[in-house]
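The values are calculated or read from the model by the stated rules, or taken from the named source; none is laboratory data. The structure presented is a predicted model; accordingly, all values stated were derived computationally and were not measured. Cβ sites come from the backbone with ideal geometry, for glycine too, and all protein chains shown count toward neighbours.
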Amino acid sequence: MKIMHCPLNGPRNISEFAPGGEVTRMPEPSLTSDEAWADYIWMHNNHAGVVTEWWCHVPTSYWFIAERNTITDEIIRTYPASQLYTERMNFEQNAENK
């Protein structure tokens, strides 16, 4: 049985988790073309080696970050997203939504 450490819930069976893709910097929505936004959402590097990924503990809906080696599938470490994202992102409303 493969175990993943959830920063909130401790060690759990890997079947309780769902991957959410690579952690990448989000482009500025109001300055980004539709094509660039689609690339951000759907295109991933998928390189071999250690990657930083979003993961969700499904029973609690807790999202966190894991570093995983894609060659060996070893989970190197997991940590709360707040360690990487220290500030909230504020989105400006466009004139249509005000």
Yes/no for Ser15 being surrounded by 10 or more Cβ atoms within 10 Å (Cβ to Cβ) and not hydrophobic (A, V, I, L, M, F, W, C): yes
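Restricting the search to the stretch 51-64, which residues are touching a helix residue (DSSP H, G or I) at 6+ places or on another chain (Cβ under 7 Å), surrounded by fewer than 13 Cβ atoms within 10 Å (Cβ to Cβ) and under 17 Å from Tyr79 (Cα atoms)?
Val58
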Residues of the stretch 31-50 that turn out to be acidic (Asp, Glu), over 30 Å from Glu74 (Cβ atoms) and either modelled with pLDDT under 90 or assigned to a loop (DSSP other than H, G, I, E, B) (or both), as a count: 0
Among (1) assigned to a loop (DSSP other than H, G, I, E, B); (2) within 28 Å of Asn13 (Cα to Cα), the one test that Pro27 misses: (2)
When residues of the stretch 1-10 are limited to those that are under 15 Å from Ile76 (Cβ atoms) and without any contact (Cβ under 8 Å) to a residue 60 or more places away in the chain, the one surrounded by the fewest Cβ atoms within 10 Å (Cβ to Cβ): Lys2
